[in-house]
Amino acid sequence: MSKDRTYLLAVEGLSVSFDGFKAVDDLSFYIDSDELRAIIGPNGAGKTTVLDLISGRTRAKSGSVLFKGEELTKLREHEIVRRGVGRKFQTPSVYETLTVFENLEMSYPHGRSALGAWFFKRTPSVVEKVHEVAELIDLKDRLNDTADLLSHGQKQWLEIGMLLIQDPQLMMLDEPVAGMSAPEREKTAELLKKICKGRAVVVVEHDMDFVRSIAHRVTVLHQGKWLAEGSMDKIQSDPKVIEVYLGH
Amino acid sequence: MDATTKEPEIVATASAVTVASATPSTKSKGTGSSLPGFWGKFFSTAAERNAFLLVAALILLVFPALLSPFRLSLVGKYLTYAFVGLGLVVCWGYGGILSLGQGVFFGLGGYCMAMFLKLEASDPVSTAIQSTPGIPDFMDWNQLTALPMFWKPFKSFLFTAAAIPIVPGILALIIGAAMFKRRVGGVYFAIITQTVAAILSILIIGQQGFTGGVNGITDLKTLHGWDIRPDHAKSILYFINAGLLLVATLLCYHLSRSKLGRLLLAMRDKEDRVRFSGYSVANLKTFVFVFGAILSAIGGAMFTLQVGFMSPSFVGIVPSIEMVICAALGGREWILGAILGTLVVNFGKTFFSERFPELWLFLIGALFIGVVMVFPNGLAGLRRDALAKAWAGFRGRFGKTPLSPNDLAQSGLAGAGGTEKP
């Protein structure tokens, strides 16, 4: 499959085990640009571990992760980020004592070396980009508030904004709507549909309704293994998936 | 940013005061409240700038005017430790990297300077009675007959001036790169730096012929023929040291106001987020560690010049920990606190050791324990409380001068409650 052409992200034969427990086992899947892919699966299926492996947080035991044809498994986290892979954590991870503006500015992909950061200037283009992203995540009128004043949902959006400002070609979001109210979920779905243009977005999620509303394709994991893949309708009628989710 | 209304601004500042009480240096940064112009590059508020100017006046005017030459040279010595304190505020207070081995860098800077001065003091004429004239006296006592290789470049002042920051800088770079790339941090890093301090002081003491051993390098006389020992020379060195210290302080303030300063605080609390924003956390940590080491080294070199000798007792574990205590007493996130903390601890040490020669170590220990128990945030916390109290008193007395529409609405209440305050 992978030999035909270059995918944006090609995961092949990826495996990792912790103390003998195979968290991810010989996993392969492929993602193209402009695609919004959901990864679902029961607890312990290895969803978050897959994100950890792609983003370099966990080292793979074997297998490869090719991003635009480049191997990621040997790179360090920040190098992977600089290649264009953004990652959002499960719990909102923003800088609470800084303002929304500063949170976005900190993530702006310039001045990433120590001296570069020391002499980083808030140029008009930085300010413009921050405003542009703030508009997109609907936090334009909260720019001067410190992040700890935001609601849970707004923190999630802020973190998505912190990824967006880096303009990554692959965005990985770990449970972006966990703990959100229904209107917030809707808004997040709209946001994700908007941002997957020109890039690929991978969402790990439990909420099936949410997945149905956003995902182009769904990959189902079970005990670290690839179980099924396809549209949400196809997945939901797959007997293997039903068995895994509903038990024997 | 400018177009925002006043309302969120007030909310932001009010919350920054309450929420950021544990992290004072992050409050009101980057919002509309920053100082304009030259000072704005260094300080976020006028109060912080004024505090800096007060400390500068204290060091440059008040001490020289009030203190005898002997006392002034003591203050000059204390101020060389303040360089270490500044480095610790940046490394530990901002970056969360606790080093218990800053004495290593202070000592290396001091030894570089001492080697140059010693060679100048060991000319063949004044060492004519030695069996090998022209080498430092302690080498002669240890039966060395030629100057060791690594001493030779220190005949050049230019080389020495370069070596003072570079030698400790490179050592810090090696330690930092080796540790931070492997994600060694926290207590483990502190222990390793402490080990380095122990190793270096043992090495210096053991290699007596090369280093002067436990006595250190003594009898330093001139710098390029200029006698550094008389009072007037000491007072000139005091002002050079004070000037360097204030420049270093401004440099730290400049760093703290930059994106690097915010990154360090962010890294301390959310290391993974910083890493996944594309920053090399290891490189940032190594950078500030080297920065702190270079500051310490400058302090060490100035120490040697002012005090006239350098010995292993400024390298090992005890002085390194004392320097951390000074920074903690100042409030580890308050840059000026490093200077004030150093002054308070060392004035205390001198005072106790003169008045209570038998008890002074216990008293200084009690001072530390007391400070940690009563003012966990050090002088920075004390200053904040004192300012808040003074402000409350001021508001109580002059409660009819409101600040914002919000205050206006409550001024009746505030005035009535506030009058009870003295």
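The table that follows gives values for the structure above.
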item	result
Residue count for region B:314-359, restricted to those that are among the charged types (D, E, K, R) and crowded, with 17+ Cβ neighbours inside 10 Å	4
Count of residues meeting criterion [free of Cβ contacts under 8 Å to residues at least 40 places away in the same chain, farther than 24 Å from B:Gly225 by Cα and over 37 Å from the mean Cα position of the chain (by Cα)] in region B:133-151	1
Qualifying residue in region B:287-294 (condition: more than 11 Å from chain A (Cβ to nearest Cβ), touching a Ser or Thr at 6+ places or on another chain (Cβ under 9 Å) and crowded, with 23+ Cβ neighbours inside 10 Å)	yes
Test set (1) within 14 Å of the chain's Cα centre (by Cα); (2) within 14 Å of chain B (Cβ to nearest Cβ) - A:Leu36 fails condition number	(2)
Matching option when the condition is surrounded by fewer than 19 Cβ atoms within 10 Å (Cβ to Cβ) and either under 19 Å from the mean Cα position of the chain (by Cα) or more than 18 Å from B:Ala248 (Cβ to Cβ) (or both), among B:Val90, B:Val125, B:Val104	B:Val125
Condition met for A:Val133 (closer than 19 Å to A:Arg87 by Cβ, touching a helix residue (DSSP H, G or I) at 6+ places or on another chain (Cβ under 7 Å), part of a loop (DSSP other than H, G, I, E, B) and in contact (Cβ under 8 Å) with a residue 24 or more places away in the chain)	no
Residue, modelled with the lowest pLDDT, within region B:199-236, restricted to residues that are at positive phi and in contact with a Phe, Trp or Tyr (Cβ under 9 Å, 6 or more places away or on another chain)	B:His224
Looking only at region A:39-48, and only at residues there that are buried (at least 20 other Cβ atoms within 10 Å of the Cβ) and not in a strand (DSSP E or B), the one that is nearest to the chain's Cα centre (by Cα)	A:Lys47
Evaluation of B:Glu271 against (1) at the interface with another protein chain (Cβ under 7 Å from one of its Cβ atoms); (2) under 17 Å from A:Met162 (Cα atoms) (one fails), failing number	(1)
Only one of A:Arg142, A:Arg82, A:Arg122 that is in contact with a Lys or Arg (Cβ under 8 Å, 6 or more places away or on another chain) and under 17 Å from A:Ile165 (Cα atoms)	A:Arg82
Residue satisfying condition, being surrounded by 15 or more Cβ atoms within 10 Å (Cβ to Cβ) and more than 22 Å from A:Val203 (Cα to Cα), within set A:Lys74, A:Lys140, A:Lys121, A:Lys88	A:Lys140
The lone exception for B:Ser131 - which of (1) closer than 30 Å to B:Lys155 by Cα; (2) of a type in the set (Gly, Ala, Ser); (3) modelled with pLDDT of 95 or more it fails	(3)
From the options B:Ser353, B:Ser320, residue that is more than 14 Å from chain A (Cβ to nearest Cβ), hydroxyl-bearing (Ser, Thr, Tyr) and under 22 Å from B:Leu244 (Cα atoms)	B:Ser320
Wholly enclosed strands (runs of 3 or more DSSP E) of region A:197-243 bearing at least 1 residues under 26 Å from A:Gly86 (Cβ atoms), in contact (Cβ under 8 Å) with a residue 12 or more places away in the chain and of a type in the set (Phe, Trp, Tyr)	A:225-230
Boolean, B:Gln130 is touching a residue at least 60 places away in the same chain (Cβ under 8 Å), polar (S, T, N, Q), more than 25 Å from B:Val196 (Cα to Cα) and in a loop (DSSP other than H, G, I, E, B)	no
Tally of residues being more than 8 Å from chain A (Cβ to nearest Cβ) and either crowded, with 23+ Cβ neighbours inside 10 Å or over 23 Å from the mean Cα position of the chain (by Cα) (or both) across region B:275-285	1
Criterion (closer than 16 Å to B:Thr286 by Cβ and in contact (Cβ under 8 Å) with a residue 60 or more places away in the chain) met by exactly one of B:Ala172, B:Ala198	B:Ala172
Selection count where residues are within 22 Å of B:Ile204 (Cβ to Cβ) and of a type outside the set (Gly, Ala, Ser), scope region B:89-126	15
Region B:152-169, subset within 23 Å of B:Cys91 (Cβ to Cβ) and in contact (Cβ under 8 Å) with a residue 24 or more places away in the chain, residue surrounded by the most Cβ atoms within 10 Å (Cβ to Cβ)	B:Pro168
Selection within region B:329-351 - within 11 Å of the chain's Cα centre (by Cα) and at pLDDT below 90	B:Gly330, B:Arg332
Filter result (free of Cβ contacts under 8 Å to residues at least 60 places away in the same chain, within 12 Å of chain B (Cβ to nearest Cβ) and of a type in the set (Val, Ile, Thr)) within region A:136-169	A:Thr146
Members of region A:59-115 found to be touching a helix residue (DSSP H, G or I) at 6+ places or on another chain (Cβ under 7 Å), of a type in the set (D, E, K, R) and under 13 Å from A:Leu170 (Cβ atoms), listed by number	A:Glu70, A:Arg87, A:Lys88
Scan of region B:243-263 for residues that are closer than 14 Å to A:Met106 by Cα, facing chain A (nearest Cβ under 9 Å) and part of a helix (DSSP H, G or I), ordered by number	B:Lys259, B:Leu260, B:Gly261, B:Arg262, B:Leu263
Residue match in region B:19-35 (condition: part of a helix (DSSP H, G or I), more than 10 Å from chain A (Cβ to nearest Cβ) and either modelled with pLDDT of 50 or more or more than 24 Å from the chain's Cα centre (by Cα) (or both))	no
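Okay, residues lined up against (1) in contact with a Cys (Cβ under 6 Å, 6 or more places away or on another chain); (2) within 27 Å of B:Leu336 (Cα to Cα); (3) surrounded by fewer than 18 Cβ atoms within 10 Å (Cβ to Cβ):
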| position | (1), (2), (3) |
| --- | --- |
| B:His224 | no, no, yes |
| B:Arg229 | no, no, yes |
| B:Ser235 | no, yes, yes |
| B:Gly261 | no, yes, no |
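The values are calculated or read from the model by the stated rules, or taken from the named source; none is laboratory data. Here the structure is a predicted model, which is why all the values come from computation and not from measurement. Neighbour counts run over all protein chains shown; Cβ positions are idealised from the backbone, glycine included.
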